[in-house]
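Below is one structure, written out as structure tokens, with a few remarks after it.
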Amino acid sequence: MAIRTPEIECMPRDQIKKLQDERLVAQVKRMYERVECFRKRMDEKGLTPEDIHGVDDLHLLPFSYKSDLRDYYPYGLFAEPMQNIVRVHASSGTTGKRIVVGYTQNDLDLWAECVARMMNGLGLDEKDFVQVSYGYGLFTGGLGAHGGAERIGATVIPTSSGNTALQIQTMIDFGSTALCCTPSYAMYLGEEVQRMGVKDQLKLKVAILGAEPWSEDMRLKIEEALGVKAYDIYGLSEILGPGVSGECECQCGMHVWEDHFIPEIIDPDTCEVLPIGATGELVFTTITKEGFPLIRYRTRDICTLTDEPCACGRTHIRMRKPSGRTDDMLIIRGVNVFPSQIEEVLLKVYGDAITPNYQIIVDRVNNNDTFDVNVEMSEAFFTDDVKSIEKMERTITEGLRSMLGIGAKVHLVNPKSIVRSEGKAKRVIDNRKGKM
Ligand code: DLL
């Protein structure tokens, strides 16, 4: 039942390129005929599908944006009639209307295959019990991981997110060997496992975590708390859902399945395509999707690609952990601040004494930005000695100042006082809206 596909995953790079050339040409032609928004943009640029001969011409093609999904809400960008669309998913986003995406049966098959490749690569197969604790529903996490786990023939335990005590009991009783959820929820599950003293009753080997940025330090904490190897999985609803890329056993970047998706890195301001190894905005083109294909979609994720050979033998390009999103970036007193930079400082400075639970609160008072960071102390290192707390707060403040160049007010708060998330963590509270 396992569906290992070494001939695809280890395909020589010149063959990947050839496959991409053929698929891109066909996709552009198909979309030009079927998707009004794409056709208009091509016409505006004076381009016809015949101008596109392969990946070398990708840079000529127009970008697509999240706003297109809103402008053509709900089905206006679909490239198949609705009778061929067998499922929709939607993502709430932070502002405005939801975005809606659609899948044909072939799309669902390719989605399951992408996730299954990663799971197989991590040694999971039909003997495994995969607990899917991503939310099920319009969010792609639950059903996306579910499809991959079914494809490898594993026994799927579709708990969805929430009800943490029951999640842990299920892990123990049903013998879960793999866990799929967000890293922040894995961290929370780990805390509860520790509190309940049941780590030795778990059979977990692997955790497949994604849907939000997480650091290497957080990986170590999760691995320790749950007794697993933790792997990063990336994706976005617009392109597929989880499984656009995923880590192999080497834990050194996520292989992008290039037989289905072409990644590019661009400078988000000038839109110039950057060379491999440079950091910029990740852009994806889907070359096999039928229901909801996208050309040069601006993900807003900030990332780096590498084509250095991977020790696992897979030839598909890898992406580093996204460090944040261009639209996540806070501008505080004129300085660009990403939540991931704050997490990095916190875990570097006091890795054991604090937990990766923090909250950034920004406000505007008398025309000045205020910048507060609440950081939770770990239970093991909890102290109410004011002097030691002040010393730790000072050290973190200095760490933040040297990373960001601006001062923050750091407040150490009691263990478990910051609300836990069962899905994507909410790290930032920006109260400045309307006060600018
Ligand atoms: O979060 C799909 C997903 C579900 C991926 C489960 C992995 C696991 P959206 O809700 O559309 O889809 O959000 C997509 O989440 O553009 C990134 O900003 C962020 N993201 C997803 N995976 C990662 C990751 C799902 N591994 C947005 N690391 C993306 C960092 C991630 N950020």
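Some observations on this one:
- Any pair with Cβ under 6 angstrom, 6 or more apart, that starts in region 219-235 at a residue that is in a loop (DSSP other than H, G, I, E, B) and ends at one that is among the β-branched types (Val, Ile, Thr) and at pLDDT 95 or above: Val228/Val206
- Selection over region 269-284 of residues that are of a type in the set (Val, Ile, Thr), within 15 Å of the ligand (Cβ to nearest atom) and touching an Asp or Glu at 6+ places or on another chain (Cβ under 7 Å) gives a count of 1.
- Check on Tyr188, of a type in the set (Phe, Trp, Tyr), in contact (Cβ under 8 Å) with a residue 24 or more places away in the chain, open to solvent by 10 Å² or more (accessible area, probe 1.4 Å) and near the ligand (Cβ under 8 Å from one of its atoms): no
- Residues located in region 191-218, provided they are more than 15 Å from the ligand (Cβ to nearest atom), touching a residue at least 12 places away in the same chain (Cβ under 8 Å) and not in a loop (DSSP other than H, G, I, E, B): Glu191, Glu192, Val193, Gln194, Met196, Lys199, Gln201
- Subset of region 191-214 [within 22 Å of the chain's Cα centre (by Cα) and open to solvent by 20 Å² or more (accessible area, probe 1.4 Å)]: Lys205, Ala211, Glu212, Pro213
- Residues considered: Glu272, Glu247, Glu281, Glu264. Of these, the only one that is in contact with a strand residue (DSSP E or B) (Cβ under 8 Å, 6 or more places away or on another chain) and free of Cβ contacts under 8 Å to residues at least 24 places away in the same chain is Glu272.
- Hits in region 136-161 - residues which are open to solvent by 40 Å² or more (accessible area, probe 1.4 Å), in a helix (DSSP H, G or I) and under 15 Å from Ser237 (Cβ atoms): Leu143
- Conditions (1) at pLDDT below 90; (2) open to solvent by less than 60 Å² (accessible area, probe 1.4 Å): number failed by Asp384: (2)
Residue-by-condition table, conditions (1) assigned to a loop (DSSP other than H, G, I, E, B); (2) in contact (Cβ under 8 Å) with a residue 40 or more places away in the chain; (3) within 30 Å of Glu192 (Cβ to Cβ):
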site: Phe371; (1), (2), (3): no, no, no
site: Glu379; (1), (2), (3): yes, no, yes
site: Ile396; (1), (2), (3): no, yes, yes
site: Gly407; (1), (2), (3): yes, no, no
site: Arg420; (1), (2), (3): yes, yes, yes
site: Gly423; (1), (2), (3): yes, yes, yes
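- Qualifying position, being open to solvent by less than 10 Å² (accessible area, probe 1.4 Å), more than 12 Å from the ligand (Cβ to nearest atom), at pLDDT 95 or above and aliphatic (A, V, I, L, M), among Ile342, Ile266, Ile332: Ile266
- Checked against the criteria, Arg300 does not count as away from the ligand (no atom under 12 Å from the Cβ), of a type in the set (D, E, K, R) and surrounded by 15 or more Cβ atoms within 10 Å (Cβ to Cβ).
- The set of residues in region 44-80 that are of a type outside the set (Gly, Ala, Ser), without any contact (Cβ under 8 Å) to a residue 40 or more places away in the chain and open to solvent by less than 80 Å² (accessible area, probe 1.4 Å) comprises Leu47, Thr48, Pro49, Asp51, Ile52, Asp57, Leu60, Asp68, Arg70, Tyr72, Pro74.
- Restricting region 236-250 to residues that are more than 20 Å from Tyr185 (Cβ to Cβ) and not in a strand (DSSP E or B), the residue that is most open to solvent (accessible area, probe 1.4 Å): Glu249
- Ile168 fulfils the conditions (1) assigned to a loop (DSSP other than H, G, I, E, B); (2) away from the ligand (no atom under 16 Å from the Cβ); (3) crowded, with 16+ Cβ neighbours inside 10 Å except for a single criterion, (1).
- Criterion violated by Val101 - all others in (1) open to solvent by 20 Å² or more (accessible area, probe 1.4 Å); (2) touching a strand residue (DSSP E or B) at 6+ places or on another chain (Cβ under 6 Å); (3) not in a loop (DSSP other than H, G, I, E, B) satisfied: (1)
The values are calculated or read from the model by the stated rules, or taken from the named source; none is laboratory data. Model, not experiment: these values are computed from the prediction. Here the Cβ is made from the backbone with ideal geometry for all residues, glycine too, and neighbour counts use every protein chain on show. Surface accessibility is based on the protein's heavy atoms, side chains included, excluding ligands, DNA and RNA. Shrake-Rupley method; radii C 1.70, N 1.55, O 1.52, S 1.80 Å.
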